[in-house]
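S.K.: I'd like to ask you about the structure that follows.
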Amino acid sequence: MRRTLSLSGIAILLFVIFPFTSFSQIYSPEGLNMPGEWNAWTNPPANNLAFASSTQVTDGRVTLIETGTLRWQTTIHVAATGGDIEEGTYTWLFTSGPETDAFANKWAGVTVTMNTLQEYTFQGTDDNSITVTNDHWYTMNWEDIGYANSNAIFMETTAEPVDLLTVSTPATANPDEIINIDITTSAPPCVEEVFYLRYTTDSWATSATADIAITGTTGTASIPGQAAGTVVEYYAFSSVVTGISGDYDMQTINLNNNSNTNYSYTVSGGPEPEIDWANLQYPGSGTIITGDSYNVYSQVLIDGITNPSGQAPDVQAWIGYSTDNTDPSTWTNWITSTYSSDVGNNDEYIANLGLAITTEGTYYYASRFQYLDQDFVYGGYSETGGGFWDGTTNVNGILTVNDTPPVPAIDWANLQYPEAGTIETGMDYLVYGQLWIADSTGQSVPLDGLEAWVGYSLNDNDPATWTNWIAADFNASSGNNDEYVANLGTEIVAEGTYYYATRFQYLGQDYVYGGYSETGGGFWDGTDNVSGVLTVSDLPPVQDIGWANLQYPDSGIIENGQEYLVYAQAWIEDSTGLTPPVSGLQSWIGYSTTNDDPATWTNWVQADYNAPSGNNDEFVADLGAVIMEEGTYYYASRFQYLDEAFVYGGYSETGGGFWDGTENVSGVLTVEGAAITYPVTFTAIDDTHLYSNIKFKGSMTGWEAVNMNQDGNIWTVTLDVRPGSYEWGVFEDDGSQYGIWLVIGPNLEVTISDEGVITGDTTYTITYTDINEVSDDMVAYPNPAKDVIKITTSNTISTTARLYSSTGVLVAEATLTRGSAEISVSGLPTGMYILKTDNVITKIIKQ
């Protein structure tokens, strides 16, 4: 039973702060589920908690283990009565997704071999299979490495796995003394469950295991003798794998690791450890209001002492302060720091310095540490990580305390867009600028006391010298910024070339000026962040075709009479990329048996307007319908705007351009003899009696719609189909972009043998009654695409765009920031895909 992605169930993630950071694990609130025949494919599996994620379903038993290898674990009891399931063979999937689309991500393609790590394919097509036996238990571990192929293991026992109740620690450990570690279990284990003690002498850079022989509920393992001063860490675990030598966590059933801190002892007789390194970690400086919190962090390293997990024993830490920037060893004001966390081999401590200082002024601070009763050491700050305080490289931090909050200043401003433009006198020309004030901008309303302008000049010089400024209005918040807009076009009444920039002022402070750059801009400096350029004329500028290409495909092989659609695009500044298409723009696809300059060709086929693609207009023509003889043909595009000269478009992997025969070249088409076809009749029975315009589409038609014949509630179409296997379905053409897809579940499949034998689905009964609306408020280009899809929307709020195959499998995704994003498709097979963001969907052709 295959499960495909429901496009209506995509969760939308909103981000306000940049940049976006990806994670190499699955989304924890959705967790891992295991729907299958064992719970009637209910997902999430709330009807059988052994297969339900603990983070998504109350009391679900598929639990995340974050110690060591990140993994999800559950134990399944198989019994004729009283178990989670009964014995038998079941198909199932690993899945992760929101409750509205629980099959959004899946791992599949494995027939389980017990007690063996196996790789599961992310978005695999074939269900997993497992055979289980009554009165057995199966402990499953699944490695969480995110949305990629992953490993899992099922460990089989004839009794319920036991808990490891206690693990002993030695009172003393002398040099070269063998140390015996005792454990106890909650019950006598079954014969399949074996036990190990895993230990390390180098903070887990390497490790070894010792077998634990269990008699009844007790057992003992021995750790070899070690040199004086050696720190030994260890824990106990159970498995079904004998002679285990790696992948310990993935092959663990139960463990006792001292509540994730591990057990340890130090071999006596070595030199007493000392503090090897200490610092003032961060912050290096700050400003607060009297009484505000100001957390100061510091770190310490004692080799062999701070390395293990958790707080090292016998370590004390403080943060000190003084009004003098002097040696911290002379200070008298020290407040105790508390343990915060492990950072690598270091222990990190934290203290709230703000609560200790009650008087405004400038203060200097540093850290202090002591191990056992040894001398104090002092930590200083540097941008490269700090170390022992020396007053030059590693210095004191600086804290400014004020009784009243300082007036915030404008931290950043820019000229957002456009970079340049050309208009007629009196036309609108909207100019946008943004600014950022920490902890102030980015709200839903404009900031009180903030003013904004757009200025212009005939000279490309420092905007601070300009005199022409027009007030800008608040437009919207954009992330943490505020955006303003002004109509520069209505202010300029004379022809000429003008330079423009933004100006901002907050609460009477000095003006700041914003400039433009392709990376986002910033304060105007005339080099990296510069003025925009506006050309104003009394007459509309003559528009030329600024760019044209042969978009897709670059080559192909067809049979005589077979369809071969060729796409081409053209760009005219400020004209193409809109709806309707540019009036006066014509397009053709030409062909020749010689690979020479298309300007010399005589065979041209009129191309029809297809759709806008970004800022371009795209056209398409069926070259296969006009070439009637076998052979090799070369093809290119031709465009003409009004009565201007023809321009010719060529193909390249980077997007193509004007034909030049070297970088932008002609496509190549090979036409062969006609293939054998067989008539196949497809039938759709409308049990709902709701639909009046049902159409057919499938992989044999390139997923293009085909009209069907109606006889009451029965719709049929007969197609001549070549031998092969195809997917198909039917939809109601309601006038929307894609219509209403009427097939519930996976696409239908049919196979025609070389002898014309038809097997699979040729008839489908329609029961689907749900109708969804979609928006067309999205542009994705180029389309068709070969390497990258660029996506733009009018919505500036960050959201997620997802690309699905024609069968609904998620194949790629990207976050739209400020209404734009890119998705790489270079590694995807050719064909039709669906692009969706929020409630917006569109069809994409991959070359």
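S.K.: Of everything in region 472-497 that's buried (at least 22 other Cβ atoms within 10 Å of the Cβ) and over 31 Å from the mean Cα position of the chain (by Cα), which residue is nearest to Gly442 (Cα to Cα)?
M.R.: Among those that are buried (at least 22 other Cβ atoms within 10 Å of the Cβ) and over 31 Å from the mean Cα position of the chain (by Cα), it is Ala472.
S.K.: Looking only at region 88-110, how many residues end up being surrounded by fewer than 20 Cβ atoms within 10 Å (Cβ to Cβ) and at pLDDT below 95?
M.R.: Looking only at that region, the number is 4.
S.K.: So which residues in region 259-278 are surrounded by 18 or more Cβ atoms within 10 Å (Cβ to Cβ) and over 36 Å from the mean Cα position of the chain (by Cα)?
M.R.: Tyr263, Ser264, Tyr265, Val267, Pro273, Ile275, Trp277, Ala278
S.K.: Can you name the residue in region 157-185 that is of a type in the set (Gly, Ala, Ser) and open to solvent by less than 60 Å² (accessible area, probe 1.4 Å) and is also nearest to the chain's Cα centre (by Cα) among such residues?
M.R.: This residue is Ala159.
S.K.: Under the condition of being under 32 Å from the mean Cα position of the chain (by Cα) and part of a strand (DSSP E or B), which residue from region 551-570 is farthest from Asn616 (Cα to Cα)?
M.R.: Tyr552
S.K.: Another one. Exactly one of (1) surrounded by fewer than 16 Cβ atoms within 10 Å (Cβ to Cβ); (2) in a loop (DSSP other than H, G, I, E, B); (3) modelled with pLDDT of 80 or more is unmet by Leu828. Its number?
M.R.: (1)
S.K.: Still on this structure, please answer the following. Between residues in region 71-94 that are part of a loop (DSSP other than H, G, I, E, B) and residues that are open to solvent by 40 Å² or more (accessible area, probe 1.4 Å) and of a type in the set (A, V, I, L, M, F, W, C), which pairs lie under 8 Å by C-beta distance while being six or more apart or on different chains?
M.R.: Glu86/Ala80; Glu87/Ala80
S.K.: Taking the stated definitions as given, is Ile183 in a strand (DSSP E or B) and touching a Leu at 6+ places or on another chain (Cβ under 9 Å)?
M.R.: So Ile183 passes the test.
This table checks each residue for (1) more than 15 Å from Tyr432 (Cβ to Cβ); (2) out of contact with any Ser or Thr (no Cβ under 8 Å at 6 or more places or on another chain).
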{"site": "Ala464", "(1), (2)": "yes, yes"}
{"site": "Ile470", "(1), (2)": "no, yes"}
{"site": "Ala476", "(1), (2)": "no, no"}
{"site": "Thr497", "(1), (2)": "yes, no"}
{"site": "Tyr516", "(1), (2)": "no, no"}
{"site": "Asp525", "(1), (2)": "yes, yes"}
{"site": "Asp528", "(1), (2)": "yes, no"}
{"site": "Gly546", "(1), (2)": "yes, yes"}
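S.K.: Looking only at region 112-156, filter to residues that are closer than 24 Å to Ile244 by Cβ and free of Cβ contacts under 8 Å to residues at least 40 places away in the same chain; which one of those is nearest to the chain's Cα centre (by Cα)?
M.R.: My answer is Tyr120.
S.K.: Hey, another quick one. Testing Ser264 on (1) under 30 Å from Ile223 (Cα atoms); (2) in contact with a Ser or Thr (Cβ under 7 Å, 6 or more places away or on another chain); (3) in a strand (DSSP E or B), one condition comes back false. Which one is that?
M.R.: Evaluating Ser264 over (1) under 30 Å from Ile223 (Cα atoms); (2) in contact with a Ser or Thr (Cβ under 7 Å, 6 or more places away or on another chain); (3) in a strand (DSSP E or B) leaves (2) as the failure.
S.K.: Are any residues in region 75-100 over 23 Å from Thr157 (Cβ atoms) and either out of contact with any helix residue (DSSP H, G or I) (no Cβ under 7 Å at 6 or more places or on another chain) or aliphatic (A, V, I, L, M) (or both), and if so, which ones?
M.R.: Across region 75-100, the qualifying residues are Leu93, Thr95, Ser96, Gly97, Glu99.
S.K.: Additional query: Go through region 697-706 and give me each residue that's open to solvent by 40 Å² or more (accessible area, probe 1.4 Å) and either more than 23 Å from Ile676 (Cα to Cα) or of a type in the set (Lys, Arg) (or both).
M.R.: none
S.K.: Mind counting the residues in region 337-384 that are touching an Asp or Glu at 6+ places or on another chain (Cβ under 8 Å) and within 30 Å of Pro406 (Cα to Cα)?
M.R.: Total satisfying the criteria: 4.
S.K.: Now a separate question. Given Thr359, Thr306, which one is open to solvent by less than 50 Å² (accessible area, probe 1.4 Å), modelled with pLDDT under 95 and at negative phi?
M.R.: Sole residue among the options that is open to solvent by less than 50 Å² (accessible area, probe 1.4 Å), modelled with pLDDT under 95 and at negative phi: Thr306.
S.K.: Which residue pairs have Cβ atoms under 6 Å apart, sit 6 or more places apart or on different chains, and have a first residue in region 502-526 that is polar (S, T, N, Q) and a second that is open to solvent by 40 Å² or more (accessible area, probe 1.4 Å)?
M.R.: Gln505/Glu451; Gln505/Tyr511; Ser517/Asp528
S.K.: Here is a follow-up. Residue by residue through region 668-708, note down the ones that are in contact with a Ser or Thr (Cβ under 6 Å, 6 or more places away or on another chain) and either in a strand (DSSP E or B) or free of Cβ contacts under 8 Å to residues at least 12 places away in the same chain (or both).
M.R.: Result: Val668, Thr670, Pro679, Thr681, Phe682, Thr683, Ile685.
S.K.: Are any of the residues in region 370-383 within 35 Å of the chain's Cα centre (by Cα), aliphatic (A, V, I, L, M) and either modelled with pLDDT under 95 or surrounded by fewer than 16 Cβ atoms within 10 Å (Cβ to Cβ) (or both)?
M.R.: No, region 370-383 contains no residue that is within 35 Å of the chain's Cα centre (by Cα), aliphatic (A, V, I, L, M) and either modelled with pLDDT under 95 or surrounded by fewer than 16 Cβ atoms within 10 Å (Cβ to Cβ) (or both).
S.K.: A further question follows. When the residues of region 762-776 are narrowed to those that are within 36 Å of the chain's Cα centre (by Cα) and open to solvent by less than 70 Å² (accessible area, probe 1.4 Å), which ends up modelled with the lowest pLDDT?
M.R.: Val774
S.K.: Mind checking which residues of region 717-761 are open to solvent by 70 Å² or more (accessible area, probe 1.4 Å), of a type in the set (D, E, K, R) and touching a helix residue (DSSP H, G or I) at 6+ places or on another chain (Cβ under 9 Å)?
M.R.: Arg722
S.K.: So in region 225-251, with the set limited to residues that are in contact (Cβ under 8 Å) with a residue 60 or more places away in the chain and at positive phi, which one is least open to solvent (accessible area, probe 1.4 Å)?
M.R.: Gly229
S.K.: Of (1) surrounded by 18 or more Cβ atoms within 10 Å (Cβ to Cβ); (2) out of contact with any Gly (no Cβ under 8 Å at 6 or more places or on another chain); (3) closer than 19 Å to Asn783 by Cβ; (4) at pLDDT below 95, Phe619 satisfies all except one. Which?
M.R.: (4)
S.K.: Moving on. Would you confirm whether or not region 415-428 contains a residue that is in contact (Cβ under 8 Å) with a residue 24 or more places away in the chain, part of a strand (DSSP E or B) and among the small types (Gly, Ala, Ser)?
M.R.: yes
S.K.: Considering only region 622-666, state which residues are hydrophobic (A, V, I, L, M, F, W, C), within 37 Å of the chain's Cα centre (by Cα) and open to solvent by less than 60 Å² (accessible area, probe 1.4 Å).
M.R.: Val665
The values are calculated or read from the model by the stated rules, or taken from the named source; none is laboratory data. The structure presented is a predicted model; accordingly, all values stated were derived computationally and were not measured. Note that each Cβ is placed from the backbone with ideal geometry, even for glycine, and that neighbours are counted across all protein chains shown. Please note that ligands, DNA and RNA were not included when accessible areas were found on the heavy atoms of the full protein model with its side chains. Shrake-Rupley method; radii C 1.70, N 1.55, O 1.52, S 1.80 Å.
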